[in-house]
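Have a look at the structure below, then the notes.
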2 protein chains.
Amino acid sequence: MSSSTPDTITLPWASDFHCHLRQGAMMELVVPLVEQGGVRTVLAMPNLTPPLTTTQMAVDYGQRLQALAPSVHFVLTLYLNPDLTPEEIGRAAAAGITAVKMYPSGVTTNSEWGVADLRAYYPTFAAMQDANMVLCLHGECPSDADKGICILNAEERFLDTLRELHAAFPRLRIVLEHATTRAAVDCVKSLGSTVGCTITAHHLVLTVDDWAGQPHHFCKPVAKFPSDRAALRDVVASGHPRFFLGSDSAPHLLSAKQGERPAAGVFTTPVLIPLLATLFEKLGCLSRLEGFVSAHGRSFYQLPQPAAGSAAITLTRAAPLKVPRAYAVDCSPADAGSQPVTVVPFMAGTELAWSIAST
Amino acid sequence: MSSSTPDTITLPWASDFHCHLRQGAMMELVVPLVEQGGVRTVLAMPNLTPPLTTTQMAVDYGQRLQALAPSVHFVLTLYLNPDLTPEEIGRAAAAGITAVKMYPSGVTTNSEWGVADLRAYYPTFAAMQDANMVLCLHGECPSDADKGICILNAEERFLDTLRELHAAFPRLRIVLEHATTRAAVDCVKSLGSTVGCTITAHHLVLTVDDWAGQPHHFCKPVAKFPSDRAALRDVVASGHPRFFLGSDSAPHLLSAKQGERPAAGVFTTPVLIPLLATLFEKLGCLSRLEGFVSAHGRSFYQLPQPAAGSAAITLTRAAPLKVPRAYAVDCSPADAGSQPVTVVPFMAGTELAWSIAST
């Protein structure tokens, strides 16, 4: 440690522009943990069961979330689907819904992501552009061995689609979510001011070696080569204003993570900002933390920046944070098979250098 | 199916030049299954606990194996280690031990695989060359993020070492084991007649997508890109005489495969030749099966080719082979935690087009 490293850092409450808050018992566990992780603005993903496909569904979900965490600002989203006509986009914007999320599987049925299919949504994207909504992209092509596409190059193969969308809708704000590759970072940097990019905490930590044989580190997109991780680290260390936090925190029951077919997802919500502080310090870019977890994303999403003197969090290195081994979920055993009904967080059982002082 | 496809195929008993036969209860389960899979010559890997580091240990292990499967020819190996002096190599050769296996972790301690370390074994390799022994290589560099090395490029990064060894010991027979990449295939093809290469059954089937989130498909080296799998398929379909079967069948208890840290290994032994017949047929190269599973490897290892009229196996498509969901291991529950004490084979629960007719 350099002697110039501070022992406390004061930050505005952070903003997480990609989070899976789930529903039912998992939602009841996770939503109160958002604030514990240092976040008070959170973009809630719409991939529930059933997915949030209409304005009314998203509004109702927002109310359920708000009841669980009155201090948190929930940024609401819709799942891109054929019912999102230009008229429905107008209703969604009027209801305060911020973004629409596009998943590859939501674009085509039993088929590859292709320009022909994407163009079917161009009227929707035009309406979103006019309504100043944001398009969030899960930027991966479906795997197709005959075309040489697998989970390792699925993101890179998607980038032409991103370029094409940006060219067709230059005023539409587009977020390439959970970037994992040097190719994605370079592509986003090369594009205009309406294209942003989220980076997760765990992709700043992991490479392919860390999820091979470690299902609690398995997520989609998968962590890739060391050179890719280096590109993610470099761009956050550079303070690039169009790169910002989207944790993609995605809790699953332990029983779903350890078994024959482990589910994809890493759960970072409860320790998110201490984890990032610890990591940024290791990377020598602690000064970039506030931009990454607050200013950049709020600017891209056109949310007000925190006013001077507004509520803040204090990170301290006086008390290391012991990450819990698991969080109990209040659901019936039938939901979880024979395993304990818990969720295991990222870095479970380890110690983080920074914690949030009580506020 | 083309109408020209035969309904039966007669093959010599097959040879598997890379197999983990284990010890204790697992050995007692696995060894009798070798013949069930269509194999009567099997190279037994030395990575036991403790590893087989001396001639006497390997000879004793061979006797234990032979007692369990009297009809099988066991090809014995030693684990490369500092005790394998030129004198010990002489004793090993005299005792009928065929090969020495080099693992990256057996070459250096807490360090990378490097030329400096490798050269410490040059007197051993010279003695092996003189004694006409075979050097089996686990051809991967240890991961090192600072050098950009991870499990995806660890094999390709190793190839310079292979080239260097072959140049230094041109008469030493060297096997690059369980090749998984186009780079490895191209490298072996480019080298001389003393360099062979084994390919597993499962690497002809899997890509990275198949082991991500599927621990029963997780093995080391990991399966890689579709283009890599295509290179493996192409070289076996071409009938190249220096590429042959080494299954790397590696059974683990189910409890070790499904959990927090799944073990690496795929268990193909009990269905090996029916699996390969089914696969070669799909790839349109059934005519190459005999070379791959018998002639090529026996030639490289300088074992006699089967005499005309000698014992053979008959594969038939009259009775598809239902792969068992699991095999029971006769060990105490304490060895296996709370999970059932079983081993799950590759393709468990599926049906293979070809089976071995009773002989």
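The values are calculated or read from the model by the stated rules, or taken from the named source; none is laboratory data. Treat the numbers as computed from the prediction; the structure is a model and nothing was measured. Note: ideal-geometry Cβ built from the backbone for every residue, glycine included; neighbour counts use all protein chains shown. Areas reflect the complete protein model, heavy atoms only, side chains present, ligands, DNA and RNA absent. Shrake-Rupley method; radii C 1.70, N 1.55, O 1.52, S 1.80 Å.
Remarks
- For region B:208-278 versus region B:124-155, the gap between their alpha-carbon centres in whole angstrom: 19
- Label sites at residue A:322 and residue B:25, each approximated as a point 7 angstrom past Cα along Cα to Cβ, lie 3.5 nm apart.
- For region B:253-359, applying the loop criterion from DSSP together with a ceiling of 13 other beta carbons within 10 Å to the trypsin sites (Lys or Arg not before Pro) yields B:325.
- For the set A:5, B:198, solvent exposure ranked by accessible area (probe 1.4 Å, protein chains only) runs largest to smallest as A:5, B:198.
- Listed residues A:74, A:169, A:244, most fluctuating in chain A (Gaussian network, C-alpha, under 10 Å): A:169
- More than 24 Å apart - percent of Cα-Cα pairs taken over region A:123-225: 28
- Relative to the Cα centre, the charge distribution of region A:240-330, modelled as +1 at Lys and Arg Cβ and -1 at Asp and Glu Cβ, gives a dipole magnitude of about 180 debye.
- Placing unit charges on the Cβ atoms of the charged side chains and taking the dipole of the protein assembly as shown about its Cα centre, the candidate lying farthest along the positive direction among A:343, B:185, A:284 is B:185.
- Shape of chain A, Cα gyration tensor, a/c cut at 1.5: rounded
- Shortest-first distances to equivalent copies, position residue B:82, nm, label 7 Å out along Cβ: 7.1
- Quotient of the Cα radius of gyration of region A:215-278 and 2.2 N^0.38 Å, N being its number of residues: 1.29.
- Accessible-area value, residue A:216, 1.4 Å probe, nucleic acids and ligands omitted, Å²: 30
- Placing a label point 7 Å from Cα along the Cα-to-Cβ axis, residue B:160 is separated from the same position in the other copies by 3.4 nm, shortest listed first.
- Note: relative contact order over chain A, using C-alpha pairs below 8 Å and six or more positions apart, is 18 percent.
- Per atom type, region B:119-250 shows carbon and sulfur on 48% of its accessible surface, probed at 1.4 Å.
- Projected label points at residue B:238 and residue B:8, each 7 Å from Cα along the beta carbon direction, are separated by 3.5 nanometres.
- Copies compared at residue A:146 - label distances in nm, ascending, label defined 7 Å from Cα in the Cβ direction: 4.7
- At R0 = 56 Å, FRET efficiency that the Cβ-Cβ distance of residue A:66 and residue B:94 yields, to 0.05: 0.10
- Take chain A with all the other protein chains still there, run a 1.4 Å probe, and you get 37 Å² of accessible area per residue.
- The protein assembly as shown: equivalent-ellipsoid semi-axes (sqrt of 5 x gyration tensor eigenvalues, Cα, Å): 52, 28, 24
- For the pair B and A, total buried accessible area rounded to nearest 100 Å², probe 1.4 Å: 2100
- DSSP-defined beta bridges in the protein assembly as shown - what % are antiparallel, rounded to 5: 35
- Rounded to 5, percent antiparallel among DSSP beta bridges of region A:96-248: 5
- For a modelled paramagnetic label at residue A:190, 7 Å from Cα along Cα-to-Cβ, the residues of region A:135-177 in reach, with backbone nitrogen under 14 Å, are A:156-167.
- Listed by chain and number, the lysines whose alpha-carbon sits under 27 Å from that of residue B:220, ignoring those within fewer than 8 places in the same chain, are A:147, A:220, A:224, A:257, B:101, B:147, B:189, B:257, B:282, B:322.
- Per-residue HN-Hα couplings for region A:273-281 [Karplus 6.51, -1.76, 1.60; θ = phi - 60°; Hz; x = Gly/Pro]: 6, x, 4, 5, 4, 4, 6, 4, 5
- Simple spin-label estimate for residue B:282 and residue A:331 in nanometres, 7 Å along Cα-Cβ: 3.4
- Taking amide H positions as modeled 1.01 Å from N, with prolines and chain starts lacking one, the residues under 5 Å from residue A:18 and 5 or more places away or on another chain are A:43, A:247, A:248.
- Estimated vicinal HN-Hα couplings, Hz - region B:72-88 in sequence order (Karplus 6.51, -1.76, 1.60; Gly, Pro = x): 9, 8, 9, 8, 9, 9, 10, 8, 4, 7, x, 6, 7, 6, x, 5, 5
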